[in-house]
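One structure is given below, encoded as structure tokens.
The values are calculated or read from the model by the stated rules, or taken from the named source; none is laboratory data. What you are looking at is a predicted structure, and each value in this text was computed from that prediction instead of being measured. Here the Cβ is made from the backbone with ideal geometry for all residues, glycine too, and neighbour counts use every protein chain on show. These area figures cover heavy atoms from the full protein model, side chains too; ligands, DNA and RNA do not enter into them. Shrake-Rupley method; radii C 1.70, N 1.55, O 1.52, S 1.80 Å.
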Amino acid sequence: MADSKFTILPAHVGVIMDGNGRWAKNRGLPRKMGHIEGAKTFRKIGEYAGNLGIRHISFYAFSTENWSRPEDEVTAIMKLFGDYLKEAEDRLQENLEKGIRLRFLGDRSALTDELRYAMDYLEDATKDMTKVNLNLAINYGGQQEILHSVKNIAEDILSEKIKPQDITLETIQAGLYTKEQPPVDLVIRPSGEQRLSNFLLWQSAYAEFWYSDVLWPDFTENDFDEALRAFEKRNRRFGGV
Ligand code: FPP
């Protein structure tokens, strides 16, 4: 049920799940323990956002640059992703009843067949849902996403489907992973970093940013509320006065 505690809600929230490594280090634990806790926070905040009535939410789980991390860390994140996919399949009926549509943003060609199969299956099984749109960005890069769209357009020009003068902002948008979704209104980044890190570049052109020192595994529903309250107060002008 939509909650009435906010007068205005962002149509699309982007979340950069940062600080897992430091959370683990602070406790003398291996980094992957931070990711395990981070994956729990992802589930908690995803569910909370849906209950609040946020229609679109995108979480950044793994960037195109994250392959350069130690192999065991990459393996641990991919395992957590696989676990999430299995759980989403097991709970498919429940998710359908809640109206949740799942999308995976990013280049899946580098992922295993097993992961890709589960991703395709879940996207297809939830494609008619409209209440909550939950995106998980995995092997995702915003610049790469725009490049991919531009290449599609170049092919359409070569095959004379469109002419260069017909290209509009919508043509580029149509080639993005989030093509049918509204732009990002609010980007949340915990852990004290204040960067976009190649996340939803096109979609965040007019996004408000909210930062916090909390490390992602410690991030709570109250922190999410705080971000939404800050968003309520922002004076958004979209380039106007
Ligand atoms: C950034 O923190 C976090 C990541 C690169 C991975 C995020 C992954 C998860 C939250 C778990 C995966 C969940 C699913 C469902 C796939 P960092 O490691 O850069 O933290 P640090 O800056 O403190 O080192």
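Odds and ends about this structure:
- Sites Glu71 and Gln194 - FRET efficiency at Förster radius 35 Å, r taken between beta-carbons, to 0.05: 0.75
- The label-point distance for Asn26 and Lys233, in a model that sets each label 7 Å from Cα toward Cβ, rounds to 2.4 nm.
- Ellipsoid equivalent to the chain - semi-axes via the Cα gyration tensor, in Å: 27, 23, 19
- Sites Val241 and Gln93 - FRET efficiency at Förster radius 41 Å, r taken between beta-carbons, to 0.05: 0.25
- Prolate/oblate/rounded label for segment 69-172 (Cα gyration tensor, a/c 1.5): oblate
- Within segment 1-79, the ratio Rg/Rh, alpha carbon atoms throughout and Rh by Kirkwood, equals 1.07.
- Shown here are the Rg and Dmax of the Cα trace of segment 9-131, at 15.0, 45 Å.
- Each 10 Å bin, from zero up to the one with the longest distance, holds this percent of the alpha carbon pairs of segment 131-241: 12, 35, 32, 15, 6, 0.
- Our note on the geometry: Cα centres of segment 1-55 and segment 94-142, 17 Å apart.
- The fraction of accessible area contributed by carbon and sulfur in the chain is 52 percent, rounded to a whole number (1.4 Å probe; ligands and nucleic acids excluded).
- Candidate cross-link partners of Lys179 among the lysines, defined by an alpha-carbon separation under 21 Å and a same-chain spacing of 8 or more, comprise Lys127, Lys131, Lys151, Lys161, Lys163.
- Distance between the 7 Å Cα→Cβ label points at Asp156 and Thr168: 1.1 nm.
- The simple Förster model, with R0 at 22 Å and r as the Cβ-Cβ distance, assigns Lys179 and Arg116 a FRET efficiency of 0.65.
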